[in-house]
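A.B. asks: If you scroll down you'll find the structure; I have some questions about it.
Every read-out reported here was derived from the displayed coordinates using simple, explicitly stated rules and does not represent laboratory data. Note that the coordinates shown come from a computational prediction; the quantities given were computed from them, not determined experimentally. Because the Cβ atoms are built from the backbone with ideal geometry, glycine has one as well, and the counts that use them run over all protein chains shown.
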Amino acid sequence: MEDKPKRIGGRGKGTRNRTTVQTKAIIQKIVNDEIDNFPTLLDSLKPVDRANVVCKLIAYLIPKKQSIDLELPADRFTPLNITIIQPPKLLDHAEIKD
């Protein structure tokens, strides 16, 4: 196997992007400053706008469902045949009272 060329410059492996960290910190501060005002802000909105905000926030609480298509070749499966010869006998209440 060939050796990969050595990296020159850039961030070291595992080092976070400084801009991303700074941006997250700024957004976190804005959210923390406004969180106490949030119920009042929601109450001041028109019902349609309030419903839109709530619907957008739900996406952060409930994960979105995705459909999954599974296609497997038919020759990978062997059909299973079950034959019931005699159904089991069901007990009658009179037989239980011994």
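A.B. asks: What shape does segment 1-85 take by its C-alpha gyration tensor, where a ≥ b ≥ c are the square roots of the eigenvalues and a/c under 1.5 counts as rounded, a/b above b/c as prolate, and the rest as oblate?
C.D. replies: oblate
A.B. asks: A follow-up question, please. Straight-line reach from Lys56: which lysines fall under 17 Å, measuring Cα to Cα and dropping same-chain residues less than 8 apart?
C.D. replies: Candidates past the 8-residue exclusion: Lys46, Lys64, Lys65.
A.B. asks: Taking only Cα atoms, what is the 0 to 90° angle, nearest 10, from helix 47-58's long axis to the longest principal axis of the chain?
C.D. replies: Between the helix axis and the principal axis of the chain, the angle is about 70 degrees.
A.B. asks: Dipole of segment 10-77, Cα-centred, from +1 at each Lys and Arg C-beta and -1 at each Asp and Glu C-beta, to the nearest 20 debye?
C.D. replies: 460
A.B. asks: Determine the gain in length on full extension of the stretch Ala59-Gln86; use 0.36 nm per residue of separation and subtract their C-alpha separation, reporting nm with one decimal. Can you show the working numbers first?
C.D. replies: Values: separation 27, 0.36 × 27 = 9.72 nm, distance 5.26 nm.
Fully extending the segment from Ala59 to Gln86 adds 4.5 nm.
A.B. asks: With unit charges on the beta carbons (Lys and Arg positive, Asp and Glu negative) and the dipole taken about the Cα centre of segment 17-61, which residue among Cys55, Phe38, Thr23 sits farthest to the positive side?
C.D. replies: Thr23
A.B. asks: Relative to the longest principal axis of the C-alpha atoms of the chain, give the angle of the C-alpha long axis of helix 18-34, reported between 0 and 90° and rounded to the nearest 10°.
C.D. replies: Roughly 80 degrees, rounded to the nearest 10.
A.B. asks: Restricting to DSSP H runs of at least four residues, report the calculated mean residue ellipticity at 222 nm for the chain, -39500 (n - 2.57) per run over all residues, nearest 500 deg cm²/dmol.
C.D. replies: Details: 4 runs with 40 residues, N = 98.
It comes out at -12000 deg cm²/dmol, rounded to the nearest 500.
A.B. asks: Highest GNM mean-square fluctuation, the chain, Cα pairs closer than 10 Å: which of Ile85, Ile58, Ile27?
C.D. replies: The residue that fluctuates most here is Ile85.
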